[in-house]
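Colleague: Questions regarding the structure given below will be posed in turn.
The values are calculated or read from the model by the stated rules, or taken from the named source; none is laboratory data. Please read all numbers here as calculations on a predicted model, not as lab measurements. Counting neighbours? That spans all protein chains shown, and the Cβs are built from the backbone with ideal geometry, glycine included. Ligands, DNA and RNA are stripped out before the accessible areas are found, and what is left, the full protein with its side chains, is counted by its heavy atoms. Shrake-Rupley method; radii C 1.70, N 1.55, O 1.52, S 1.80 Å.
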Amino acid sequence: MSYQLPTEPDDSIASRRLLGALISGVPLSGLVAIVYGAVYGTSHADSALLVIASVWCAAYGQAAFVISLAWYTRKGAYGEAMNARLLYGCSAFLFTLFVTVLDAPPSMYLVANGAAYLAALLFIGRRHGRMVVTLVLDAWPLLAIGLSGLWNARRLVVGLTFGTLASQAGGMIAPALGWMAGPWSAAMRIVSGFQTLGWQTIGTKLDIWVARAVRDKDAIRVGRSIRNSTVVGLAISVVGALVALAFAFFALETDRSIRELTILATAVALFALGNIALATVGRVLAFLGRDRARFVWEAARLLATLAVVLLGGPSFTLLGLAIVVMLSYLVHAALVRQAIREMIS
C-alpha cells in the first residue's frame, strides 16, 4: 500500500486508502502472530500467548509505521518523515534498554520494538489528527477498502515477498561458507547498513521527487528524477562496497591464496554494489504502476537465487549470488527505462 499511495491523484482517496491499509493490518498481523505463536510458542522462556502478543505488537507496529510514512512521502514532508524515524530510533533504544535491565523473556524485545513503532505513530497522529478521527469513525468501511486494496495489489504483494526471500540468501548461506563465513558475515552487516541508508533515509527524499513527477503525469520530470536517483544510488553503493571490502578483509583470520581472496573480493564488491544501488531506487517500478513487470522480475530473481544456492559449493555460491544481484539491478534498470519511454511516447 505504501508503495502505491504516492501516485494517487486525490488526497481524500489517498488518505482513505492509507487508513484502510492501517485497519486491515490489524487482523493480518494478528494472523501472522497466531501462526508464529503456535509454531514457536512452546519454548521454556515464553508462553504461546506472550509470543503471539509480542509478534503482533512488532508486526503491526512496523507495518503501520511504514504505511503512515507514505503520507509524508506523498506530501513531500521529508523533514517530518525523518523526525518520525528519529523518534522511532530513540524509543527503540530506550525500550530495549529497559527490557534488558529487567532481564525480561526474549519475546519482550519484540514488544519493545513494536512499542517504539507505536511511539513514532503518536508523532504522526499528532500532526494528522483528523486522519485518526476518520480511522475511529469509519473502521469497517476502511477495513473493506484496505482488504480490497491488498487484493488489487496482489502481484506487488507477492512480488515483494519473493524479493524479500531472495534478499535473505546472503545472510542465510554464511554457516556453509567455511573460512569465508566470517569475512562474508562482516561484509553483509555493512551492506545491510548501507541498504537501510539508501532505502529509508536518502531513498525517502528520492521517492518524493519521483512520486511528485508521477502524480503530475510529467514524463520528462519522471525520467530526470529517476536518473538523479540512480546516480545517487550508485554513488552510495560504491562507498558501501569499499567499506564492505575493508571489513571483509579485516575479518580474515588466516592467510589465503590470491585466487581465494580474488573470489571473496569480487563477490563482496558485486553483491554490495547491486544490493545497495537497488535499495535506493527499488520502489520506482511500483510508482510507475508496473506491478506485473515487478512480479515477473522478483520471481525470476528468487528462482535464480535458489538455483545458485542449491547447485554449488561456497565459491560458486558467492560468485553466483553476486552475479544474480548485479543482473537483477541491470534488468530492473532496463524495465524502468522502458516504462519511461512508454510514458513519453
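Colleague: From the list 81, 120, 77, 92, exactly one residue is small (Gly, Ala, Ser), under 30 Å from residue 206 (Cα atoms), crowded, with 16+ Cβ neighbours inside 10 Å and modelled with pLDDT of 85 or more. Which is it?
Modeller: Values: 81 fails: modelled with pLDDT of 85 or more; 120 fails: modelled with pLDDT of 85 or more; 77 fails: modelled with pLDDT of 85 or more.
Unique residue meeting the criteria: 92.
Colleague: So is residue 222 surrounded by 15 or more Cβ atoms within 10 Å (Cβ to Cβ) and in a helix (DSSP H, G or I) or not?
Modeller: Judged against the criteria, residue 222 is a match.
Colleague: Picking from 280, 305, 317, which residue would you name as being under 18 Å from residue 203 (Cβ atoms) and among the β-branched types (Val, Ile, Thr)?
Modeller: Numbers: 305 fails: under 18 Å from residue 203 (Cβ atoms); 317 fails: under 18 Å from residue 203 (Cβ atoms).
Answer to the check: 280.
Colleague: Go through region 165-184 and give me each residue that's aliphatic (A, V, I, L, M) and open to solvent by less than 50 Å² (accessible area, probe 1.4 Å). So that I can check it myself, show each step before the final result.
Modeller: Keep residues of region 165-184 that are aliphatic (A, V, I, L, M), which gives 165-166, 169, 172-174, 176-177, 180-181.
Answer for region 165-184, where residues must be aliphatic (A, V, I, L, M) and open to solvent by less than 50 Å² (accessible area, probe 1.4 Å): 166, 169, 173, 174, 177, 180, 181.
Colleague: Checking the conditions here, which among 270, 335, 321 is modelled with pLDDT of 90 or more, open to solvent by 20 Å² or more (accessible area, probe 1.4 Å), closer than 17 Å to residue 171 by Cβ and not aromatic (Phe, Trp, Tyr)?
Modeller: Exactly one of 270, 335, 321 is modelled with pLDDT of 90 or more, open to solvent by 20 Å² or more (accessible area, probe 1.4 Å), closer than 17 Å to residue 171 by Cβ and not aromatic (Phe, Trp, Tyr), namely 270.
Colleague: Give me a count of the residues in region 282-314 that are within 15 Å of residue 339 (Cα to Cα), in a helix (DSSP H, G or I) and open to solvent by less than 30 Å² (accessible area, probe 1.4 Å).
Modeller: 7
Colleague: Is it the case that residue 311 is under 24 Å from residue 155 (Cβ atoms) and among the hydrophobic types (A, V, I, L, M, F, W, C)?
Modeller: Here the answer is no, as residue 311 does not meet what is asked.
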